[in-house]
Amino acid sequence: MKNKGHEKALISVHVGNEIKRVMKEQGRSVTWLSHQLYCDRTNIYKIFSKSSIDTTLLLRISIALNHNFFSYLNEYYKIGQSVE
């Protein structure tokens, strides 16, 4: 049986928004990140709109921005565990 607390916690993290926020804090541009990821700028805007993304891509973004985006998921996992 699925625990609704887990689903709610996972939905609370909008990875695209977090990536955009960290980029802004660091003064990084969409062009800069697109060069780091070897992709087109339009792909970066698509990433911003996603609430979840592939873990390999998230790792590449984490390395480029020197920011562990997986830590957000870890925190929500801990919260979900405490719901049980």
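The values are calculated or read from the model by the stated rules, or taken from the named source; none is laboratory data. Remember, predicted model here, so these are calculated numbers, not experimental data. In this analysis, Cβ positions are derived from the backbone assuming ideal geometry, glycine residues included, and neighbour counts consider all displayed protein chains.
To keep it simple, each residue is scored yes or no on (1) part of a helix (DSSP H, G or I); (2) touching a residue at least 40 places away in the same chain (Cβ under 8 Å); (3) more than 13 Å from the chain's Cα centre (by Cα).
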residue	(1), (2), (3)
C39	no, no, yes
K46	yes, no, no
L58	yes, yes, no
H67	no, yes, no
Legend entry - Failed item, numbered, when K8 is tested on (1) of a type outside the set (G, A, S); (2) modelled with pLDDT of 95 or more; (3) in a helix (DSSP H, G or I): (2)
Inset, instruction - Being assigned to a helix (DSSP H, G or I) and surrounded by fewer than 14 Cβ atoms within 10 Å (Cβ to Cβ) is the filter here, so list the residues in the stretch 25-37 that pass it. - result: E25, Q26, T31, H35
